[in-house]
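Beneath this line is the structure, given in structure tokens, with notes to follow.
The values are calculated or read from the model by the stated rules, or taken from the named source; none is laboratory data. Predicted, not measured: the structure shown is a model, and the values here were computed from it. All Cβ positions, even for glycine, are placed from backbone atoms using ideal geometry, and neighbour counts span all protein chains on display.
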Amino acid sequence: MDLFLTAVGKIFTAQGSQLDPGLVIPRTAIVFIVAIIYVRMAKKRFIAQASAMDLVMAVVFGSLLSRAINGGATLASGLSAGFTLVVLQRVFAHYSCASPAFSKLVNGDHETLVKDGVMDRDEMKKHDISEEDLRADIRLNGMTDKLEEVRLAVLERSGQISVVKKN
């Protein structure tokens, strides 16, 4: 029993050069399982990467979990940090839903690029969107190659361009 507890203790506390395949394999399995639980806790917004907050969460979350696997941090500290990020993401998502001002601060705002077939070149320039990039999104998302058929094209908070055609 002492040998088992010592092995489990090493799995959770070993770092850097202390890691060998016998420790990396169970750490990887543990991180994988716990990451699935954390992502389920974070809900669908995290998976969709719907906003800047969600993208930052995904990048930092992945980095933290990789450190937990490769020994840059103890497994316990890596999993604790991952859990902390999930909780923060849920709190920010809750307050973003409750407060439009907080949502705009954390997630940004949408910008209109085309209104009634007319491009807003200043807005496009502000976001480094070329006319050809906009036209490509209009073809892909609006199913048209005619600007005059577009009632609205919006740069969404996610960075995607949504297109609404005229009736």
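Can Ala81 be described as assigned to a helix (DSSP H, G or I) and either touching a Cys at 6+ places or on another chain (Cβ under 8 Å) or within 19 Å of Arg40 (Cα to Cα) (or both)? Talk me through it step by step, then tell me what you get.
Working: assigned to a helix (DSSP H, G or I): yes; either touching a Cys at 6+ places or on another chain (Cβ under 8 Å) or within 19 Å of Arg40 (Cα to Cα) (or both): yes.
Taking the combined requirement at face value, the residue satisfies it.
Can you spot a residue in the stretch 31-53 that is surrounded by 15 or more Cβ atoms within 10 Å (Cβ to Cβ), more than 16 Å from the chain's Cα centre (by Cα) and assigned to a helix (DSSP H, G or I)? Working first, answer last.
Keep residues of the stretch 31-53 that are surrounded by 15 or more Cβ atoms within 10 Å (Cβ to Cβ), which gives 31, 34-35, 38-39, 42, 45-46, 49-51, 53.
Imposing the further condition that a residue be more than 16 Å from the chain's Cα centre (by Cα) reduces the set to 31, 34.
Those left that are additionally assigned to a helix (DSSP H, G or I): 31, 34.
Among the residues of the stretch 31-53, at least one is surrounded by 15 or more Cβ atoms within 10 Å (Cβ to Cβ), more than 16 Å from the chain's Cα centre (by Cα) and assigned to a helix (DSSP H, G or I), which makes the answer yes.
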Residues of the stretch 54-73 satisfying the condition of being crowded, with 20+ Cβ neighbours inside 10 Å and at pLDDT below 85: Asp54, Met57
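Every residue in the stretch 76-109 that is within 14 Å of Met53 (Cβ to Cβ) and aliphatic (A, V, I, L, M), please.
Here is the first cut: in the stretch 76-109, the residues within 14 Å of Met53 (Cβ to Cβ) are 85-97, 99, 102-109.
Residues satisfying the conditions are Leu85, Val86, Val87, Leu88, Val91, Ala93, Leu105, Val106.
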Close pairs from the stretch 100-128: first more than 30 Å from Arg90 (Cα to Cα), partner of a type in the set (Gly, Ala, Ser), Cβ under 6 Å, at least 6 apart: Leu113/Ala153; Val114/Ala153
Which numbered condition Arg157 fails, given (1) surrounded by 13 or more Cβ atoms within 10 Å (Cβ to Cβ); (2) free of Cβ contacts under 8 Å to residues at least 40 places away in the same chain; (3) not hydroxyl-bearing (Ser, Thr, Tyr): (2)
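Can you tell me which of Ala76, Ala93, Ala58 is closer than 26 Å to Ala7 by Cα and not in a loop (DSSP other than H, G, I, E, B)?
Ala76
Matching residues to (1) over 30 Å from Leu19 (Cα atoms); (2) at pLDDT 90 or above; (3) within 16 Å of the chain's Cα centre (by Cα); (4) surrounded by 15 or more Cβ atoms within 10 Å (Cβ to Cβ):
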{"position": "Leu75", "(1), (2), (3), (4)": "no, no, no, yes"}
{"position": "Leu85", "(1), (2), (3), (4)": "no, no, yes, yes"}
{"position": "Ala93", "(1), (2), (3), (4)": "yes, no, yes, yes"}
{"position": "Ser103", "(1), (2), (3), (4)": "yes, no, yes, yes"}
{"position": "Gly108", "(1), (2), (3), (4)": "yes, no, yes, yes"}
{"position": "Leu113", "(1), (2), (3), (4)": "yes, yes, no, yes"}
{"position": "Asp137", "(1), (2), (3), (4)": "yes, yes, no, yes"}
